[in-house]
Every structure is written in structure tokens, then in C-alpha cells.
1. Against the condition in a loop (DSSP other than H, G, I, E, B) and crowded, with 18+ Cβ neighbours inside 10 Å, how does Glu294 come out, does it pass?
2. Considering only region 350-359, I want to know if a residue exists there that is in contact (Cβ under 8 Å) with a residue 12 or more places away in the chain, within 15 Å of Ser303 (Cβ to Cβ) and surrounded by fewer than 23 Cβ atoms within 10 Å (Cβ to Cβ).
3. Given the residues Thr431, Thr452, which is the only one that is modelled with pLDDT under 80 and closer than 30 Å to His249 by Cα?
4. Those residues that are open to solvent by 50 Å² or more (accessible area, probe 1.4 Å) and part of a helix (DSSP H, G or I), I need them from region 64-90; list them, please.
5. What strands (runs of 3 or more DSSP E) completely inside region 149-227 contain at least 2 residues that are over 23 Å from Phe84 (Cα atoms) and open to solvent by less than 50 Å² (accessible area, probe 1.4 Å)?
6. Within region 266-289, can one find any residue that is over 24 Å from Leu368 (Cβ atoms), among the polar types (S, T, N, Q) and either at pLDDT 90 or above or surrounded by fewer than 21 Cβ atoms within 10 Å (Cβ to Cβ) (or both)?
7. Working only within region 376-427, note down all residues that are closer than 26 Å to Gln243 by Cβ and free of Cβ contacts under 8 Å to residues at least 12 places away in the same chain.
8. Do any residues in region 37-62 that are within 15 Å of Ser21 (Cα to Cα) have Cβ atoms under 7 Å from those of residues that are of a type in the set (S, T, N, Q), where the two are at least six apart or on different chains, and which pairs are they?
Amino acid sequence: MKEKHAIFALNHQQLYEIPHSLWQKNCAEKHLLLRYLALPIKETERQLWLAIDDEANLNACEIFAFISHKQIEPVIVASEELKFLLNALSPETTFYEESPELNLEISPDEPEETHLDDPIIQLLDNLFKFCLTENASDIHIEPHKQQLLIRLRIDGVLYPYKSLSSAFSRRVVSRIKLLAKLDISETRRPQDGQFSFTTALADTLDFRVSTLPINEGEKVVLRLQKNKPTQLDFATLGFTEKQGETLRHALTQPQGLILVTGPTGSGKSITLYSALNYLNHPDKHILTAEDPIEIEIEGLIQSQVNHGIGLDFSQLLRTFLRQDPDIIMLGEIRDEESARIALRAAQTGHLVLSTLHTNDALSAVERLNQLGIQDYEIANSLILVVAQRLLRKICPTCGGEGCQTCFQGYKGRTGIYQLLSRRGKSFKKTTACLDYPSLLESAKEKIAQGITNEQEVGRILGEEFL
Ligand SMILES: [Zn+2]
């Protein structure tokens, strides 16, 4: 009988199959493998292929030559991928035996029970559980010519999870479309949907699903919905005491515009949701226009943009103004129209919260200028700009060495912020209060406190850091 294999892609391309017996041996020696940063991936009677991330890792080659009495064939792989595989070492990993007669069709009418020992169901089951334990935010399922690559985003970084033979592509994609109640016969148009998955431990995971027709079939992205945010308060988001005070002061103003800026994935939504959570009282009428609604908060009136019927931010915002709101949250200021209505609302007795895609706080004013908003209009309505980024935190258990409770030495993220607030009656670039650390200074403070490291700051701030 053919031995089962775990199949992985290293360096994003080359496929390696690790035989089941070798995988079991690796699991038993996980401690040693982590210490030497090496992973045996293939062996014959005389040779052992050893994945390492650096040719200079002679220690690993020597020790494994000594233990195995075999000649070592080093295979150089990217450091992140090696660490990922070492972390994934577990006897529970699913193994696949490629079978050419595998039925590639899946019938939506077939009862669930008949699929119970289906490898695809097993694969997805394990994948979802892995996402829950590693706190992944997105799953990417990507059909390529030679392989079906599954990647996960954890704390903002995308990692390869598994690579399967491309013969599995259609079945995996169909299975997810079935779960999300999408039309599985429609493969030429993008679709979106959602579904819930309950693990054996009764944790429920809610996924938002998006499909995209591509050259090799359909790519699927699953975003894990965090419906029950654990914490929505400023201190745990990484604001300093002074920054938190400034933010709270701005939020208590009866009218004006508060902007949160940063690139995609910099945690702007969480800051906005935390602000709304802070403002959420029965005596306040809070309306939100979102695309999509990421977190549902009891007490808010949340609306979803629907481009299909022309319900965009501007139209929702115009309608909001006829709904007698106190506070309005606009997911994003994207164009001149939404900028104009947001500013008008902020000047007519409403507190307006929104986001802009700019790198730092000062650029927010320039961006509003570019959208056709005059300086005097900005001066009359803007009260605070918060620029932000997210940094991965060093695991407190192992101090960044890598352990069972963390992912590659990191666990969770914290924010760094730069605030620009109104001084006096109006907001002017020249007189706005910049008495706050820059993003870089905030980052350095977090390094000094041992919360994150230089490598992570360099990854996020890039050239600004150098
Ligand atoms: Zn750790």
C-alpha cells in the first residue's frame, strides 16, 4: 500500500511530500527541530534531506548527520515558511493519499452523512480548527496549475498552510460554495456569501466568503468574522494615557469630524468600533454606514453599503441626515461627495467619525484638500486626526523564541498612534497640536517596553524606520 503523505509547498513553488512515518518521527522530535531550526523532509537509506533556512546552519547538519548516520542534503527554504512548518508539526495533521479515481463532483442534494469520511471535509475541519487556535483572520484558497495552495493570515502576515494536488481544487472550492449557499454551477462570476461552522468544542466560527474567477478556476477568500470582540477599549488598543485622554475629549464634543487614518489592515475599524462603543448610550442616536459591517454592536443602528443597488456611502449619509442622528460613523471617505456631506454633517450639530487612506496624520488635511475641501471648511469641522499602525507583540510566554501558545514568537497585536488635535477654536495645520509622538517614536517606545521588536517595526514602518 502506498504510504500517506503530508504535502507542503516550500518557497511558494516547490512541492514536498513528507511521508507519514517521517512526519511522526518529526513530531516526536519537535523540541530538537525547533532548537536547531531544521526539518527532515525526505530520507533514503543513506541520505536525509534537511530543510534549513540558512546554509550557515552547520550545527543542524552536523547534529542530524550524527543522529541519523546519514549524509545530509540541505534544502534551503524561507525562514518564515520553515518556522511555519515546524509550528504545524502535530500528530493530528491530516494526511492525503492521492487517488486518481477521486470523484471530483459534489452533489448538493446528497445528504451530509455520506461525506463524513471525505478527505475534503476532514481538510476543512482541520483548517477551521487551526484558524481558531492560531487566531487567523483570513483563509486564502488559491488554485494554481500544479497545486491548490491554502494560505492563512495571522496577525496581519500571510503564511502558507498547505499545498494539495490541483486535482483537489474544484472539490475544495465547491465544498465551500456549498457551505456558503452559493451557486456552485456559477464559476464565471464573483459571488459572496457567509456560513457558520461549529467545532467539536462548540465554538462557532462565522465566515464571510468571497469567490473570484481566475485563470485556474476560482479563488476563494474566507474572512473570519469576529462578532464578539473581546475588548473594545482604548488602553488595550495600545493608546498611551495621554493619547487616550485626547481621544476621549474629542469624542465628548457635540459636533465635529474625527478621522482615523492608515493603510488597509492598520486597525482603523477597531479604533472606530471602540470609539462607538465608548459613545454607545441609550440617550445617543448612533448611525453607521459600513462596507462591510465587521462587528455588530448592540445599541447602534448599522447599515451596509450595497453597490449592487447604488446604495453607496454618499446616499446613506444623505439619508442619515433626515434620520435625526447624534453621531454618524462613515466607513470611509472615498470621494469628494462623501467628504462634502461628512463635513456638512460635522458642521451642523453631528459628531462624525470616519477613515481616510493616508500615511500620517498631517496628510489627512492634504487628502481632504485634494478632494476639493477648502482649508477654512476643514478648520471649522475637523477636531482630531488619529494615524495608526498595528505591530505584532512578542509572546510573553517565550519572549519571542516560539512556543506552543504563540505563533512564531508573536502573539496578538498592539497599535501605535500619532494624534493631531485642534488647538483652540479651529483646526489649522500650522497651529494644530502636534505635541504627541510620531508613529516612529511611538514604535520605539513599544520596543523599549519590550512589547515588540525592531524587526517588526521595520516590517510595518519600512523606510520610515531606517
Ligand atoms: Zn511563545
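1. Considered against the rule, which asks whether it is in a loop (DSSP other than H, G, I, E, B) and crowded, with 18+ Cβ neighbours inside 10 Å, Glu294 comes out as yes.
2. no
3. Thr431
4. Listed by number, the residues that qualify are Phe66, Ile67, Glu80, Lys83.
5. 191-198, 204-214, 217-225
6. yes
7. Result: Arg423, Gly424, Lys425.
8. What qualifies is Leu39/Asn26; Pro40/Asn26; Leu48/Ser68.
The values are calculated or read from the model by the stated rules, or taken from the named source; none is laboratory data. This structure is a prediction, so every number in the text was calculated from the model and none was measured. Reconstructed Cβ throughout: ideal geometry from the backbone, glycine too, with neighbour counts over all protein chains shown. Heads up: the accessible areas ignore ligands, DNA and RNA and are worked out on the full protein's heavy atoms, side chains in. Shrake-Rupley method; radii C 1.70, N 1.55, O 1.52, S 1.80 Å.
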